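What follows is a single structure, written as structure tokens, with notes after it.
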């Protein structure tokens, strides 16, 4: 690899990733809407808050249509530059993957917005969807099945992101894909630490207590949560514990 191309891919990727489409779309659609904060009321009087300027925040503030639009733009701003690099240098996909990592960092720590951005799930999938669509399909299905069987809505949502690491190691001969996926997971989960800490704290306080409530809080469909509450391994285990307690 050439040093100047590495630097160029990094700088351009970061600057494009720093574009905050949640803010841009928010200003265009409704300048009074706050797309830089998520506040969700939970059962029992608890509240979940996040300072993520993201497609999720845009959806909650502006509606599903504009949330989806924001998510697609966030995917494109990182994924399209990565794809262009790969097309320009097909023998060295690392340039595109470096651009993808830099774009993800720009999304999380945007230069133009005092380094306060989103978490980057769309940024990661923007790259992987264009460079390895089969991997997205395979790991998403596997993660969804795993989440349904175990019975946890957050495993359903995030297992695919983690499974992309072993997928890259198995499917691609170039180790750059594995390095990219590990870096993407590190950046994503590091940026999610405030939300994860808050979520653990809320669980200790007793909210939410069912997968239906968790699904509602994370806007993933309460009906999906109800299915997990009734027909999963966790549901079976809880029912067995209650039966043992009665005996």
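The values are calculated or read from the model by the stated rules, or taken from the named source; none is laboratory data. Computed from a predicted structure; not experimentally measured. Because the Cβ atoms are built from the backbone with ideal geometry, glycine has one as well, and the counts that use them run over all protein chains shown.
Out of 82, 76, 58, 123, one residue alone is assigned by TED's automatic domain parsing to the domain that holds residue 19 and over 24 Å from residue 162 (Cα atoms). It is 58.
Check whether at least one residue in the range 153-166 is within 13 Å of the chain's Cα centre (by Cα), at pLDDT below 95 and within 22 Å of residue 46 (Cα to Cα), and report yes or no. The answer is yes; a qualifying residue exists. When 58, 82 are checked against the criterion of being modelled with pLDDT under 95, assigned to a helix (DSSP H, G or I), buried (at least 23 other Cβ atoms within 10 Å of the Cβ) and under 20 Å from the mean Cα position of the chain (by Cα), a single residue qualifies: 58.
The condition of being surrounded by fewer than 17 Cβ atoms within 10 Å (Cβ to Cβ) and touching a residue at least 40 places away in the same chain (Cβ under 8 Å) holds for only one of 186, 182, 145, 149, that being 149.
When residue 89 is tested against (1) buried (at least 16 other Cβ atoms within 10 Å of the Cβ); (2) touching a helix residue (DSSP H, G or I) at 6+ places or on another chain (Cβ under 8 Å); (3) within 23 Å of residue 38 (Cα to Cα), just one condition goes unmet, and that condition is (3).
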